[in-house]
1. Please specify each residue of the range 146-158 satisfying the condition of being within 14 Å of the ligand (Cβ to nearest atom) and either charged (D, E, K, R) or loosely packed, with under 15 Cβ neighbours inside 10 Å (or both).
2. What are the residues in the range 194-219 that are surrounded by 18 or more Cβ atoms within 10 Å (Cβ to Cβ) and within 15 Å of the ligand (Cβ to nearest atom), if any?
3. Considering only the range 54-84, how many residues are farther than 22 Å from Lys147 by Cβ, surrounded by fewer than 18 Cβ atoms within 10 Å (Cβ to Cβ) and in contact (Cβ under 8 Å) with a residue 40 or more places away in the chain?
4. For Glu223, state whether it is modelled with pLDDT under 95, more than 13 Å from the ligand (Cβ to nearest atom) and not basic (Lys, Arg).
5. Tell me the residue from Gly80, Gly105 that is out of contact with any Pro (no Cβ under 6 Å at 6 or more places or on another chain) and either assigned to a loop (DSSP other than H, G, I, E, B) or more than 20 Å from Phe43 (Cα to Cα) (or both), please.
6. For the range 159-181, which residues satisfy the criterion of being over 16 Å from the mean Cα position of the chain (by Cα) and within 13 Å of the ligand (Cβ to nearest atom)?
7. Which numbered condition in (1) over 26 Å from Ser140 (Cα atoms); (2) in a loop (DSSP other than H, G, I, E, B) is the only one that Asp297 fails?
Amino acid sequence: MKLTKEIILQTQDYETPCLVVDLNIIKQNYLQMKECFSDVDIFYAIKANSDTNIIKTLMSLGSKFETSSINEVKLLLTLGVKPENIVNSAPYRKEEYLKRMYKMGIRMFVYDTEIELEKFKRSGPEAELFLRVDVDNTGSDWPLSKKFGVEPEDAVELIKKADEMGIKVLGTTFHVGSQCLNLENWNKALTQMKNIHDECKQNGINLEMINLGGGIPIKHLKEIPNVKETAEKIKSFVNEKFSPIPKTIIEPGRGLVGNAGIMIAEVISKRDYKGQTWIYLDIGVFHGMMETIEGFDYEILTENDITDPSNSNIEKETYVIAGPSCDGVDVMFKDGKKMSKVEVGDRVFIRNAAAYTICYASLFNGYKIPKTYYVKNGNNFLFSPNCLVETIYRL
Ligand SMILES: Cc1ncc(COP(=O)(O)O)c(C=O)c1O
């Protein structure tokens, strides 16, 4: 989302930190993804941002949804999403929650262990599963391997095990890593899936589907492959490897919402410390900027960057940027970030921060979770208190 004079003006009285989101950008992202991934069903991964305004916008366009927990499922059902349009892709869940999700009508789940299969046998016998396979995440800014997924060489055994237990496996799934900048990850992962599907076929098990997971990147500071390019590559990998082409679904989170918001924060302190200049913001690792702890980078602008877009007269400084809390981990840009000079009381605008920010925010140290405001008709803002999400999650 582009920072404009209007945004700065319209938000000047809003308490910081806060997030401003343009739902039109999310609409455009969805429509573009739908066009690029024709024949692929899109399941928005609501963990990226589960604000009801975003979910309703995507629902109205026909999106389906990916969930990680029973509370995410409840939220979607409350908003009128049909259970058959929901997949529960976290590979582990309490058996009690599985029972309840199954009762609510959810059938599509993910597994990667025999222990989970036993839970399905007891508490969800007609569930339809994807097996999560661990794949290479090299070149993705937020890795998701090393925790989930069966090793590719053990996949067929685990599918055979489900088959023996009378549990249906729809197909395989994987995650190439969030903010995946390396298209080769898709190629390698899909070769591994094809080999698993082929070996299953030789064992009399027909896998009908592929779940491509997430990973579509948005533009921050590095160059990225755009959605069209990514989709064309993925489609060509699927087409050249599989025959017949399996029914395919994708679970984008960041790629649908990340670029639709700007986080606005204030500089609350500044000092020279151990040879570097530090600035302290009223937002930090615990209040929305969690992804910075893995080195995730953002573009940070100031009002001056907009009034002087040529940047010719703007003094630059390099800052270590920290959050407000009393925790030493709360340092967002440890290695120093070059940006326009700021002083205490100035606002900073962190671009493309609508995914994996608010949802990570905690009440740590008594700070509030940043509010979200929505841009309407270009430049009107509507306050969204996020209460529905909070109320439902407490059920
Ligand atoms: C199972 C699953 N699907 C989809 C996603 C969404 O990934 P992304 O935001 O990179 O598109 C995630 C992210 O953690 C995930 O764990």
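1. Of everything in the range 146-158, those that are within 14 Å of the ligand (Cβ to nearest atom) and either charged (D, E, K, R) or loosely packed, with under 15 Cβ neighbours inside 10 Å (or both) turn out to be Lys146, Lys147.
2. Of all residues in the range 194-219, those surrounded by 18 or more Cβ atoms within 10 Å (Cβ to Cβ) come to 194, 196-197, 200, 207, 209-218.
Listed by number, the residues that qualify are Met209, Ile210, Asn211, Leu212, Gly213, Gly214, Gly215, Ile216, Pro217, Ile218.
3. 2
4. Details: modelled with pLDDT under 95: yes; more than 13 Å from the ligand (Cβ to nearest atom): yes; not basic (Lys, Arg): yes.
Here the answer is yes, as Glu223 does meet what is asked.
5. Values: Gly105 fails: out of contact with any Pro (no Cβ under 6 Å at 6 or more places or on another chain).
Sole residue among the options that is out of contact with any Pro (no Cβ under 6 Å at 6 or more places or on another chain) and either assigned to a loop (DSSP other than H, G, I, E, B) or more than 20 Å from Phe43 (Cα to Cα) (or both): Gly80.
6. Kept after step one, since they are over 16 Å from the mean Cα position of the chain (by Cα), are these residues of the range 159-181: 159-173.
Listed by number, the residues that qualify are Thr172, Thr173.
7. Against the list (1) over 26 Å from Ser140 (Cα atoms); (2) in a loop (DSSP other than H, G, I, E, B), Asp297 comes up short only on (1).
Conditions (1) within 16 Å of the ligand (Cβ to nearest atom); (2) under 20 Å from Glu317 (Cα atoms), marked per residue:
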| position | (1), (2) |
| --- | --- |
| Pro246 | no, no |
| Arg254 | yes, no |
| Gly258 | yes, no |
| Gly261 | yes, no |
| Ala265 | no, yes |
| Ile279 | no, yes |
| Met290 | yes, no |
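The values are calculated or read from the model by the stated rules, or taken from the named source; none is laboratory data. In this text the structure is predicted, and so the values were computed from the model without any measurement. Counting neighbours? That spans all protein chains shown, and the Cβs are built from the backbone with ideal geometry, glycine included.
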